[in-house]
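Worksheet: one structure, shown below.
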Amino acid sequence: MCDVIPLFFPRLLALNVEVFPGESVVSVGQNVSMLCRVSVPIQYCRIVVPGLEAPLNLNPMRGPTPPSNAVYLGDGLDKGHCGVSIPSVEDKYNGVFRCAIGTATEAHESEGSMVVVVARAPKHPPTLELTRPRDPQDSYQEGERFLASCEVPEGRPAANISWFIGDEPLTEGLTRPEIFENRKDNLYSIRQNLTREVRWSDNGKELRCVASHPMFGNMDPTRNTIRKRINVKFAPKPAPGDLEQFGFIEGEEGLISVRIKANPKPSFLWTIGRQNIDEGSLDDSGHFEVGFAEPKGYGEWETKLHIRPVTKEDVEREYRVQATNTIGQQDYVVRISTSSQPRAMAEMGAGAIVGIVIAVLLVLLIIFIVVFARATGRWCFAAGGGRGKSSQTSSVAHIDPEGHLEKAKHAGVGGTENPSINHNVSSEYINGNDIKKEIKEDTPV
(Lines give C-alpha, C1' and ligand atoms only; values in the text may rest on other atoms or scores of the structure.)
Protein backbone atom coordinates (compact mmCIF):
# COMPACT_ATOMS: atom_id res chain seq x y z
CA MET A 1 0.00 0.00 0.00
CA CYS A 2 1.47 3.34 -1.06
CA ASP A 3 1.48 6.43 1.10
CA VAL A 4 -0.32 9.43 -0.41
CA ILE A 5 1.96 12.42 -0.55
CA PRO A 6 0.01 15.71 -0.64
CA LEU A 7 1.08 18.09 -3.36
CA PHE A 8 0.93 21.86 -2.82
CA PHE A 9 0.67 24.30 -5.75
CA PRO A 10 0.74 28.11 -5.51
CA ARG A 11 -2.56 29.86 -6.24
CA LEU A 12 -2.69 31.02 -9.81
CA LEU A 13 -5.75 33.25 -9.45
CA ALA A 14 -5.02 36.80 -8.32
CA LEU A 15 -6.90 38.52 -5.54
CA ASN A 16 -10.01 40.54 -6.30
CA VAL A 17 -9.07 44.22 -6.43
CA GLU A 18 -11.69 46.86 -5.65
CA VAL A 19 -11.06 50.22 -7.31
CA PHE A 20 -12.58 53.53 -6.23
CA PRO A 21 -13.85 55.35 -8.26
CA GLY A 22 -14.34 53.35 -11.44
CA GLU A 23 -14.01 56.46 -13.62
CA SER A 24 -13.00 60.06 -13.07
CA VAL A 25 -13.56 63.11 -15.30
CA VAL A 26 -11.26 66.02 -14.47
CA SER A 27 -9.87 69.08 -16.21
CA VAL A 28 -6.24 70.14 -16.51
CA GLY A 29 -4.91 71.39 -13.17
CA GLN A 30 -7.41 69.50 -11.01
CA ASN A 31 -6.64 66.71 -8.53
CA VAL A 32 -7.20 63.07 -9.44
CA SER A 33 -7.18 60.13 -7.01
CA MET A 34 -7.46 56.35 -7.28
CA LEU A 35 -7.66 53.78 -4.46
CA CYS A 36 -7.13 50.03 -5.00
CA ARG A 37 -8.07 47.72 -2.13
CA VAL A 38 -7.56 44.01 -1.38
CA SER A 39 -8.47 41.90 1.63
CA VAL A 40 -4.90 41.03 2.75
CA PRO A 41 -1.78 43.08 3.63
CA ILE A 42 0.28 44.37 0.68
CA GLN A 43 4.02 44.02 0.17
CA TYR A 44 4.30 46.69 -2.51
CA CYS A 45 2.07 49.13 -4.43
CA ARG A 46 2.91 50.05 -8.01
CA ILE A 47 0.94 52.63 -10.05
CA VAL A 48 1.07 53.08 -13.81
CA VAL A 49 -0.04 56.52 -15.06
CA PRO A 50 -0.45 57.35 -18.79
CA GLY A 51 2.07 59.92 -19.92
CA LEU A 52 4.66 59.01 -17.25
CA GLU A 53 7.73 57.12 -18.41
CA ALA A 54 8.08 54.87 -15.35
CA PRO A 55 5.62 53.31 -12.88
CA LEU A 56 5.29 54.83 -9.40
CA ASN A 57 6.30 52.69 -6.41
CA LEU A 58 4.30 54.23 -3.56
CA ASN A 59 4.02 53.70 0.18
CA PRO A 60 3.01 55.86 3.15
CA MET A 61 6.64 56.64 4.02
CA ARG A 62 7.53 58.17 0.66
CA GLY A 63 6.80 61.82 -0.09
CA PRO A 64 5.70 63.38 -3.41
CA THR A 65 7.22 61.65 -6.41
CA PRO A 66 8.33 63.87 -9.32
CA PRO A 67 7.47 64.80 -11.99
CA SER A 68 3.76 64.41 -11.13
CA ASN A 69 4.22 64.98 -7.36
CA ALA A 70 2.10 61.87 -6.83
CA VAL A 71 1.69 60.67 -3.23
CA TYR A 72 0.42 57.47 -1.63
CA LEU A 73 -3.32 57.33 -0.85
CA GLY A 74 -4.85 54.92 1.67
CA ASP A 75 -4.76 53.67 5.26
CA GLY A 76 -1.53 51.72 4.82
CA LEU A 77 -0.14 48.68 3.00
CA ASP A 78 -1.00 46.49 6.00
CA LYS A 79 -4.67 47.42 5.46
CA GLY A 80 -4.57 46.25 1.84
CA HIS A 81 -4.70 49.81 0.44
CA CYS A 82 -2.79 50.87 -2.67
CA GLY A 83 -3.72 54.34 -3.90
CA VAL A 84 -2.39 57.44 -5.60
CA SER A 85 -3.26 61.13 -5.53
CA ILE A 86 -1.94 63.58 -8.14
CA PRO A 87 -2.52 67.25 -7.18
CA SER A 88 -2.42 68.74 -10.69
CA VAL A 89 -3.48 66.73 -13.72
CA GLU A 90 -1.92 67.28 -17.15
CA ASP A 91 -3.60 66.55 -20.47
CA LYS A 92 -1.17 63.68 -21.14
CA TYR A 93 -2.50 61.78 -18.11
CA ASN A 94 -5.72 61.03 -20.00
CA GLY A 95 -6.26 57.26 -20.21
CA VAL A 96 -6.27 54.21 -17.94
CA PHE A 97 -4.61 54.35 -14.49
CA ARG A 98 -3.47 50.92 -13.26
CA CYS A 99 -2.47 49.58 -9.88
CA ALA A 100 -0.27 46.45 -9.46
CA ILE A 101 -0.33 44.87 -5.99
CA GLY A 102 2.09 42.28 -4.59
CA THR A 103 1.16 40.16 -1.56
CA ALA A 104 2.89 37.40 0.42
CA THR A 105 0.12 34.89 -0.31
CA GLU A 106 -0.01 35.30 -4.11
CA ALA A 107 2.48 34.17 -6.73
CA HIS A 108 1.28 36.82 -9.19
CA GLU A 109 0.46 40.50 -8.98
CA SER A 110 -3.11 41.56 -8.57
CA GLU A 111 -4.22 44.42 -10.81
CA GLY A 112 -6.96 47.02 -10.92
CA SER A 113 -7.69 49.95 -13.23
CA MET A 114 -9.60 53.23 -13.46
CA VAL A 115 -10.43 55.33 -16.52
CA VAL A 116 -9.34 58.95 -16.18
CA VAL A 117 -10.80 61.41 -18.67
CA VAL A 118 -8.93 64.68 -18.80
CA ALA A 119 -11.70 66.83 -20.26
CA ARG A 120 -11.14 69.07 -23.25
CA ALA A 121 -13.81 71.35 -24.67
CA PRO A 122 -14.92 70.70 -28.26
CA LYS A 123 -12.75 72.52 -30.78
CA HIS A 124 -15.66 74.24 -32.53
CA PRO A 125 -19.31 75.16 -31.83
CA PRO A 126 -22.01 72.75 -33.05
CA THR A 127 -22.89 72.66 -36.73
CA LEU A 128 -26.46 72.17 -38.01
CA GLU A 129 -27.52 70.99 -41.47
CA LEU A 130 -31.14 71.05 -42.59
CA THR A 131 -32.76 69.66 -45.73
CA ARG A 132 -34.13 72.47 -47.88
CA PRO A 133 -37.90 72.80 -48.31
CA ARG A 134 -39.57 72.18 -51.65
CA ASP A 135 -40.82 75.75 -51.73
CA PRO A 136 -38.43 78.11 -53.59
CA GLN A 137 -39.09 80.79 -50.98
CA ASP A 138 -37.40 78.62 -48.33
CA SER A 139 -40.62 77.87 -46.45
CA TYR A 140 -41.91 74.44 -45.48
CA GLN A 141 -45.48 73.36 -46.09
CA GLU A 142 -47.51 72.11 -43.14
CA GLY A 143 -47.02 68.32 -42.99
CA GLU A 144 -43.75 68.38 -44.95
CA ARG A 145 -40.86 66.42 -43.43
CA PHE A 146 -37.33 67.67 -42.92
CA LEU A 147 -34.09 66.01 -41.83
CA ALA A 148 -31.69 67.88 -39.54
CA SER A 149 -28.19 66.80 -38.55
CA CYS A 150 -26.19 68.28 -35.66
CA GLU A 151 -22.52 67.60 -35.01
CA VAL A 152 -20.21 68.66 -32.16
CA PRO A 153 -16.56 68.13 -33.16
CA GLU A 154 -13.59 66.80 -31.20
CA GLY A 155 -14.12 67.08 -27.48
CA ARG A 156 -13.15 64.89 -24.57
CA PRO A 157 -15.38 63.25 -23.52
CA ALA A 158 -17.91 63.42 -26.35
CA ALA A 159 -20.46 66.19 -25.86
CA ASN A 160 -24.18 65.57 -25.32
CA ILE A 161 -26.75 66.90 -27.79
CA SER A 162 -30.23 68.25 -26.98
CA TRP A 163 -32.85 69.45 -29.47
CA PHE A 164 -35.49 72.19 -29.15
CA ILE A 165 -38.14 73.80 -31.34
CA GLY A 166 -38.73 77.16 -29.72
CA ASP A 167 -38.72 76.34 -25.99
CA GLU A 168 -40.16 72.83 -26.50
CA PRO A 169 -37.71 69.93 -26.04
CA LEU A 170 -37.74 67.39 -28.88
CA THR A 171 -37.53 63.71 -27.93
CA GLU A 172 -39.17 62.00 -30.91
CA GLY A 173 -37.67 61.40 -34.33
CA LEU A 174 -34.10 61.25 -33.01
CA THR A 175 -31.52 58.69 -34.11
CA ARG A 176 -28.99 57.09 -31.77
CA PRO A 177 -25.98 59.45 -31.46
CA GLU A 178 -22.90 58.42 -33.48
CA ILE A 179 -19.48 58.95 -31.89
CA PHE A 180 -16.25 59.15 -33.91
CA GLU A 181 -12.82 58.97 -32.29
CA ASN A 182 -9.68 60.83 -33.28
CA ARG A 183 -7.21 58.26 -31.98
CA LYS A 184 -4.23 60.55 -32.28
CA ASP A 185 -5.46 63.01 -29.64
CA ASN A 186 -8.14 60.82 -28.04
CA LEU A 187 -10.83 63.31 -29.02
CA TYR A 188 -14.43 62.42 -29.82
CA SER A 189 -16.96 63.94 -32.23
CA ILE A 190 -20.69 63.28 -31.88
CA ARG A 191 -23.46 63.51 -34.48
CA GLN A 192 -27.22 63.02 -34.22
CA ASN A 193 -30.06 63.27 -36.77
CA LEU A 194 -33.61 64.51 -36.32
CA THR A 195 -36.59 63.77 -38.57
CA ARG A 196 -39.68 65.93 -38.04
CA GLU A 197 -43.02 66.49 -39.71
CA VAL A 198 -43.53 70.24 -39.81
CA ARG A 199 -46.48 71.64 -37.86
CA TRP A 200 -48.09 75.01 -38.49
CA SER A 201 -47.23 75.97 -34.90
CA ASP A 202 -43.51 75.60 -35.79
CA ASN A 203 -43.73 78.73 -37.92
CA GLY A 204 -41.35 81.46 -36.82
CA LYS A 205 -39.71 79.29 -34.17
CA GLU A 206 -36.05 78.38 -33.99
CA LEU A 207 -34.80 74.83 -34.32
CA ARG A 208 -31.93 74.60 -31.82
CA CYS A 209 -29.17 72.06 -31.30
CA VAL A 210 -27.59 72.55 -27.86
CA ALA A 211 -24.32 70.88 -26.85
CA SER A 212 -23.48 70.21 -23.21
CA HIS A 213 -19.99 69.34 -21.98
CA PRO A 214 -18.13 69.33 -18.63
CA MET A 215 -15.81 72.07 -19.93
CA PHE A 216 -18.57 74.45 -21.00
CA GLY A 217 -19.55 75.57 -17.49
CA ASN A 218 -20.88 79.14 -17.72
CA MET A 219 -19.70 79.52 -21.30
CA ASP A 220 -21.45 81.97 -23.61
CA PRO A 221 -24.54 80.08 -24.95
CA THR A 222 -23.70 81.20 -28.49
CA ARG A 223 -20.69 78.88 -28.39
CA ASN A 224 -22.63 75.74 -27.53
CA THR A 225 -25.85 76.42 -29.48
CA ILE A 226 -26.65 76.46 -33.18
CA ARG A 227 -30.09 77.57 -34.41
CA LYS A 228 -32.10 77.95 -37.59
CA ARG A 229 -35.48 79.64 -37.96
CA ILE A 230 -38.30 77.55 -39.42
CA ASN A 231 -40.83 79.15 -41.76
CA VAL A 232 -44.05 77.25 -42.42
CA LYS A 233 -46.80 78.04 -44.90
CA PHE A 234 -50.32 77.08 -43.82
CA ALA A 235 -53.94 77.95 -44.51
CA PRO A 236 -55.90 80.14 -42.05
CA LYS A 237 -56.71 78.11 -38.95
CA PRO A 238 -60.36 77.67 -37.88
CA ALA A 239 -61.80 79.06 -34.67
CA PRO A 240 -63.26 76.59 -32.14
CA GLY A 241 -66.73 78.07 -32.74
CA ASP A 242 -68.56 81.35 -33.24
CA LEU A 243 -66.69 84.33 -31.82
CA GLU A 244 -68.50 86.57 -29.34
CA GLN A 245 -67.39 89.99 -28.11
CA PHE A 246 -68.88 91.95 -25.22
CA GLY A 247 -69.12 95.48 -23.82
CA PHE A 248 -70.58 97.36 -26.78
CA ILE A 249 -72.60 100.51 -25.98
CA GLU A 250 -75.40 101.67 -28.20
CA GLY A 251 -74.77 105.18 -29.49
CA GLU A 252 -71.00 104.96 -29.15
CA GLU A 253 -68.28 103.78 -31.52
CA GLY A 254 -67.61 100.05 -31.43
CA LEU A 255 -64.63 97.96 -32.47
CA ILE A 256 -64.71 94.28 -33.43
CA SER A 257 -61.27 92.66 -33.41
CA VAL A 258 -60.53 89.19 -34.80
CA ARG A 259 -57.15 87.43 -34.63
CA ILE A 260 -56.33 84.46 -36.84
CA LYS A 261 -53.24 82.43 -37.65
CA ALA A 262 -52.09 81.99 -41.25
CA ASN A 263 -48.93 82.16 -43.35
CA PRO A 264 -48.45 83.83 -45.76
CA LYS A 265 -50.52 86.91 -44.90
CA PRO A 266 -54.18 86.40 -45.77
CA SER A 267 -56.56 88.95 -47.25
CA PHE A 268 -59.69 89.68 -45.21
CA LEU A 269 -63.23 90.20 -46.47
CA TRP A 270 -65.98 91.25 -44.03
CA THR A 271 -69.60 90.48 -44.87
CA ILE A 272 -72.40 92.40 -43.12
CA GLY A 273 -75.82 91.42 -44.34
CA ARG A 274 -75.47 91.41 -48.13
CA GLN A 275 -72.57 93.85 -48.32
CA ASN A 276 -68.91 92.85 -48.56
CA ILE A 277 -66.19 95.18 -47.26
CA ASP A 278 -62.51 94.76 -48.13
CA GLU A 279 -59.56 95.84 -46.03
CA GLY A 280 -59.13 99.63 -45.85
CA SER A 281 -62.71 100.21 -47.06
CA LEU A 282 -66.08 101.50 -45.81
CA ASP A 283 -69.57 100.26 -46.56
CA ASP A 284 -71.91 102.35 -48.75
CA SER A 285 -73.39 104.18 -45.76
CA GLY A 286 -70.04 104.88 -44.07
CA HIS A 287 -71.35 103.17 -40.95
CA PHE A 288 -68.80 100.34 -41.08
CA GLU A 289 -65.06 100.57 -41.78
CA VAL A 290 -62.54 97.72 -42.09
CA GLY A 291 -58.93 98.56 -41.27
CA PHE A 292 -55.80 96.98 -42.71
CA ALA A 293 -54.71 93.73 -41.06
CA GLU A 294 -51.84 94.06 -38.59
CA PRO A 295 -49.16 91.38 -38.02
CA LYS A 296 -48.85 90.10 -34.45
CA GLY A 297 -45.92 87.74 -34.99
CA TYR A 298 -45.47 84.02 -35.67
CA GLY A 299 -48.12 84.06 -38.42
CA GLU A 300 -50.84 85.74 -36.35
CA TRP A 301 -52.89 88.57 -37.90
CA GLU A 302 -55.49 90.97 -36.52
CA THR A 303 -58.33 92.46 -38.55
CA LYS A 304 -60.65 95.17 -37.16
CA LEU A 305 -64.12 96.44 -37.97
CA HIS A 306 -65.16 99.92 -36.76
CA ILE A 307 -68.85 100.62 -36.13
CA ARG A 308 -69.78 104.33 -35.99
CA PRO A 309 -71.96 104.33 -33.89
CA VAL A 310 -73.36 101.06 -32.50
CA THR A 311 -77.10 100.65 -32.97
CA LYS A 312 -79.60 98.11 -31.71
CA GLU A 313 -79.66 96.54 -35.17
CA ASP A 314 -75.87 96.17 -35.07
CA VAL A 315 -76.08 94.14 -31.86
CA GLU A 316 -78.55 91.78 -33.51
CA ARG A 317 -76.44 91.33 -36.66
CA GLU A 318 -74.16 88.44 -37.59
CA TYR A 319 -70.72 89.46 -38.85
CA ARG A 320 -68.76 87.20 -41.16
CA VAL A 321 -65.04 87.32 -41.90
CA GLN A 322 -63.33 85.39 -44.66
CA ALA A 323 -59.52 84.97 -44.55
CA THR A 324 -57.81 83.78 -47.74
CA ASN A 325 -54.16 83.10 -48.62
CA THR A 326 -52.32 81.04 -51.23
CA ILE A 327 -52.77 77.85 -49.20
CA GLY A 328 -56.51 78.04 -48.43
CA GLN A 329 -59.32 80.01 -46.85
CA GLN A 330 -61.42 79.99 -43.68
CA ASP A 331 -64.70 81.64 -42.60
CA TYR A 332 -65.42 83.06 -39.15
CA VAL A 333 -68.68 84.22 -37.54
CA VAL A 334 -68.70 87.04 -34.97
CA ARG A 335 -71.54 88.19 -32.70
CA ILE A 336 -71.48 91.18 -30.38
CA SER A 337 -73.30 91.97 -27.14
CA THR A 338 -73.95 95.04 -25.01
CA SER A 339 -73.57 92.98 -21.84
CA SER A 340 -70.22 92.91 -20.11
CA GLN A 341 -68.22 89.72 -20.13
CA PRO A 342 -68.38 88.02 -16.70
CA ARG A 343 -65.14 89.02 -15.05
CA ALA A 344 -64.60 85.72 -13.27
CA MET A 345 -65.20 83.77 -16.47
CA ALA A 346 -62.91 86.09 -18.41
CA GLU A 347 -60.08 85.68 -15.93
CA MET A 348 -60.47 81.93 -15.61
CA GLY A 349 -59.14 79.65 -18.28
CA ALA A 350 -61.15 76.93 -19.98
CA GLY A 351 -59.62 74.32 -17.65
CA ALA A 352 -60.83 76.14 -14.55
CA ILE A 353 -64.36 76.46 -15.94
CA VAL A 354 -64.49 72.75 -16.78
CA GLY A 355 -63.26 71.95 -13.26
CA ILE A 356 -66.06 74.00 -11.69
CA VAL A 357 -68.69 72.30 -13.86
CA ILE A 358 -67.40 68.85 -12.87
CA ALA A 359 -67.40 69.80 -9.16
CA VAL A 360 -71.04 70.98 -9.37
CA LEU A 361 -72.08 67.75 -11.11
CA LEU A 362 -70.37 65.69 -8.39
CA VAL A 363 -72.22 67.58 -5.65
CA LEU A 364 -75.55 67.03 -7.43
CA LEU A 365 -74.75 63.32 -7.84
CA ILE A 366 -74.00 62.94 -4.12
CA ILE A 367 -77.26 64.71 -3.19
CA PHE A 368 -79.22 62.43 -5.53
CA ILE A 369 -77.62 59.29 -4.04
CA VAL A 370 -78.42 60.40 -0.47
CA VAL A 371 -82.06 61.25 -1.33
CA PHE A 372 -82.51 57.98 -3.24
CA ALA A 373 -81.01 55.89 -0.44
CA ARG A 374 -83.23 57.57 2.17
CA ALA A 375 -86.34 57.12 0.07
CA THR A 376 -85.70 53.43 -0.57
CA GLY A 377 -84.51 52.66 2.96
CA ARG A 378 -81.11 51.39 1.81
CA TRP A 379 -79.32 53.29 4.58
CA CYS A 380 -80.40 53.94 8.19
CA PHE A 381 -81.43 57.57 8.80
CA ALA A 382 -82.66 58.93 12.12
CA ALA A 383 -86.25 60.17 11.85
CA GLY A 384 -87.80 62.49 14.39
CA GLY A 385 -86.83 62.87 18.04
CA GLY A 386 -84.23 65.11 19.56
CA ARG A 387 -80.64 64.38 20.35
CA GLY A 388 -80.35 61.71 23.03
CA LYS A 389 -83.97 60.52 22.62
CA SER A 390 -85.17 57.30 21.04
CA SER A 391 -88.49 55.78 20.11
CA GLN A 392 -87.66 52.41 18.66
CA THR A 393 -90.26 50.09 17.23
CA SER A 394 -89.68 46.54 16.19
CA SER A 395 -91.85 43.94 14.54
CA VAL A 396 -92.68 40.72 16.43
CA ALA A 397 -94.85 37.80 15.36
CA HIS A 398 -98.43 37.78 16.68
CA ILE A 399 -101.42 35.54 15.92
CA ASP A 400 -104.89 37.05 16.07
CA PRO A 401 -107.81 35.16 17.66
CA GLU A 402 -108.65 33.68 14.27
CA GLY A 403 -105.23 32.07 13.98
CA HIS A 404 -103.65 34.55 11.48
CA LEU A 405 -100.03 35.53 11.86
CA GLU A 406 -99.58 39.32 12.24
CA LYS A 407 -96.84 41.74 13.33
CA ALA A 408 -97.01 43.87 16.41
CA LYS A 409 -94.69 46.84 16.91
CA HIS A 410 -92.54 47.23 19.98
CA ALA A 411 -90.64 50.36 20.92
CA GLY A 412 -87.40 50.81 18.97
CA VAL A 413 -84.98 53.48 17.82
CA GLY A 414 -86.36 56.05 15.39
CA GLY A 415 -89.58 54.18 14.76
CA THR A 416 -87.86 51.57 12.59
CA GLU A 417 -88.10 47.84 12.86
CA ASN A 418 -85.46 46.13 14.98
CA PRO A 419 -84.01 43.32 12.88
CA SER A 420 -82.55 41.49 15.89
CA ILE A 421 -85.96 41.17 17.60
CA ASN A 422 -87.54 40.11 14.33
CA HIS A 423 -85.02 37.33 13.85
CA ASN A 424 -85.33 36.10 17.44
CA VAL A 425 -89.11 35.93 17.35
CA SER A 426 -89.32 34.15 14.02
CA SER A 427 -86.71 31.70 15.24
CA GLU A 428 -88.74 30.92 18.37
CA TYR A 429 -91.92 30.41 16.37
CA ILE A 430 -90.26 28.07 13.93
CA ASN A 431 -88.60 26.11 16.69
CA GLY A 432 -91.93 25.72 18.53
CA ASN A 433 -90.89 27.61 21.67
CA ASP A 434 -92.87 29.90 24.01
CA ILE A 435 -95.02 31.66 21.43
CA LYS A 436 -96.39 28.40 20.11
CA LYS A 437 -97.18 27.21 23.66
CA GLU A 438 -99.11 30.39 24.49
CA ILE A 439 -101.23 29.99 21.38
CA LYS A 440 -102.10 26.43 22.34
CA GLU A 441 -103.27 27.51 25.84
CA ASP A 442 -105.57 30.23 24.49
CA THR A 443 -107.32 27.95 22.06
CA PRO A 444 -110.72 26.74 23.45
CA VAL A 445 -111.11 23.00 23.84
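Annotation for the stretch 40-79 versus the stretch 223-278: alpha-carbon center distance of 76 Å. Ellipsoid fit via the Cα gyration tensor, the stretch 139-212: semi-axes of 29, 11, 9 Å, each the root of five times an eigenvalue, largest first.
When only alpha carbons of the stretch 239-352 are considered, Rg and Dmax amount to 14.6, 44 Å. A 1.4 Å probe run over the stretch 122-227, with the rest of the protein chains in place, finds 57 Å² accessible per residue.
Of K123/K205; K228/K265; K123/K265; K205/K304; K228/K296; K233/K304, which pairs sit farther than 31 Å apart, going by alpha carbon to alpha carbon? Write out the running numbers ahead of the final one.
Working: K123/K205 28 Å; K228/K265 22 Å; K123/K265 43 Å; K205/K304 26 Å; K228/K296 21 Å; K233/K304 23 Å.
Beyond 31 Å: K123/K265.
Largest first, the three principal axis extents of the alpha carbons in the stretch 99-139 are 79, 20, 9 Å in whole numbers.
Compactness of the stretch 55-157 is given as radius of gyration and Dmax, 25.6, 79 Å, from Cα positions. Computed across the stretch 173-232, the Kirkwood radius stands at 14.1 Å (inverse of mean 1/r, all Cα pairs).
Note on the stretch 62-221: the C-alpha convex hull projects to 14.8 nm² when averaged across all orientations. With the Kirkwood sum run over all distinct C-alpha pairs, the stretch 155-290 has a hydrodynamic radius of 20.2 Å.
Convert 10 °C to kelvin, take the viscosity as 1.306 mPa s, use the Kirkwood radius over C-alpha pairs of the stretch 288-330 as Rh, and evaluate the Stokes-Einstein diffusion coefficient in µm²/s, rounded to a whole number.
In µm²/s, the coefficient is 127.
Pop out the Kirkwood hydrodynamic radius of the stretch 49-114 from its pairwise C-alpha distances, inverse of mean 1/r, in Å to one decimal. Mean inverse Cα-Cα distance, inverted, gives 12.8 Å.
As a fraction of the 1.4 Å probe accessible area of the stretch 109-254, surface on carbon and sulfur atoms comes out at 45 percent.
The values are calculated or read from the model by the stated rules, or taken from the named source; none is laboratory data. Owing to the predicted nature of the structure, the values given are computational and were not obtained by experimental measurement. What goes into the accessible areas is simple: the full protein's heavy atoms, side chains included, and nothing from ligands, DNA or RNA. Shrake-Rupley method; radii C 1.70, N 1.55, O 1.52, S 1.80 Å.
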